[in-house]
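Working notes, beginning with the structure itself.
The values are calculated or read from the model by the stated rules, or taken from the named source; none is laboratory data. Everything numeric here is computed off the predicted structure, so don't read it as measured data. Virtual Cβ from ideal backbone geometry, glycine too; neighbours counted across all protein chains shown. Areas reflect the complete protein model, heavy atoms only, side chains present, ligands, DNA and RNA absent. Shrake-Rupley method; radii C 1.70, N 1.55, O 1.52, S 1.80 Å.
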Amino acid sequence: MICAPSLLAANFVCLEKQLTTLQNKGITWLHYDVMDGYFVPNHSFGADILKQIKAQFNFVYDVHLMVSSPKIFIEFYKSLADVITIHIEACNTIEEAKTMIQLIQSYGIKAGISIKPKSEVESILPLLDEVDLVLVMSVEPGFGGQVFMMNSLEKVKELKTYKDKHQSKFMIQIDGGVNKDNGQLCKEAGVENCVVGSYLFQDLEHRIQEFQ
Ligand code: DX5
Ligand code: ZN
């Protein structure tokens, strides 16, 4: 299972040191949360910060767009991201979501679709053969440090069953409240990529290996 540390939980006073630690310990993905204050009641980072990080570090940059108008943000991140994930709840129709996914992929970037805790897998079924990644939110998006919702594992199992049956390419990712214990359950349920924020950064040196 790939571990994608969430930059949101980093200590920005010693960011360079923490990113170096991640890189030296073999972490390959970096999860980058983008918030607009509308889709979620919070703000995080703009694209310039990712530009600076990318100039110095070599990660797979996994941009999670928690925004109401993904199109504008896809343009901001198209030269920086390796993966861009949008939310199904930010799209008015499934066709709109499909257009966004195609737009992301047209830039040579992997496209992900995410569902919030109250959304069902069913809401993204027509997209499962198009996307490169499906992100199951295991907390309400917007803030780090929340408690993992166990029922998100049911959605993971549902996705895993679909994936096996259809030999789909999408990677199953989970985000929110992941720690050592539920991380193991995620893996067993079929998660291939787990985003870990506060739990990891509370004791970076020791906890990285818990996810390797
Ligand atoms: C929440 C973000 C997450 C968050 C995860 O809205 O999408 O990526 O940073 O942090 P933890 O692991 O602390 O829940
Ligand atoms: Zn996220």
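Listed by position, the helices (runs of 4 or more DSSP H) contained in the stretch 22-128 that have at least 2 residues being modelled with pLDDT of 95 or more, among the basic types (Lys, Arg) and open to solvent by 40 Å² or more (accessible area, probe 1.4 Å) are 47-56.
Within the stretch 185-209, the set of residues being over 11 Å from residue 153 (Cβ atoms) and among the basic types (Lys, Arg) comprises just one member, 207. Considering (1) within 13 Å of ligand 2 (Cβ to nearest atom); (2) of a type in the set (A, V, I, L, M); (3) surrounded by fewer than 22 Cβ atoms within 10 Å (Cβ to Cβ); (4) farther than 18 Å from residue 61 by Cα, the lone condition that residue 137 does not fulfil carries the number (3). Counting only residues that are open to solvent by 90 Å² or more (accessible area, probe 1.4 Å) and under 13 Å from residue 1 (Cβ atoms), which one in the stretch 185-208 is nearest to ligand 1 (Cβ to nearest atom)? If we take residues in the stretch 185-208 being open to solvent by 90 Å² or more (accessible area, probe 1.4 Å) and under 13 Å from residue 1 (Cβ atoms), then 187 is nearest to ligand 1 (Cβ to nearest atom). Please name all residue pairs, on different chains or six or more residues apart, with Cβ atoms under 9 Å, provided the first residue is in the stretch 176-195 and is in contact (Cβ under 8 Å) with a residue 40 or more places away in the chain and the second residue is in a helix (DSSP H, G or I) and basic (Lys, Arg). Every condition considered, the pairs that remain are 191/160; 194/187. Residues satisfying the criterion are absent from the stretch 161-182 (criterion: away from ligand 2 (no atom under 16 Å from the Cβ), at negative phi and of a type in the set (A, V, I, L, M)).
Being in a helix (DSSP H, G or I), within 15 Å of the chain's Cα centre (by Cα) and among the β-branched types (Val, Ile, Thr) holds for only one residue in 195, 156, and it is 156.
Would you mind finding the one in 157, 163 that is out of contact with any His (no Cβ under 8 Å at 6 or more places or on another chain), over 15 Å from residue 119 (Cβ atoms) and open to solvent by 90 Å² or more (accessible area, probe 1.4 Å)?
Only one candidate passes the filter, namely 157.
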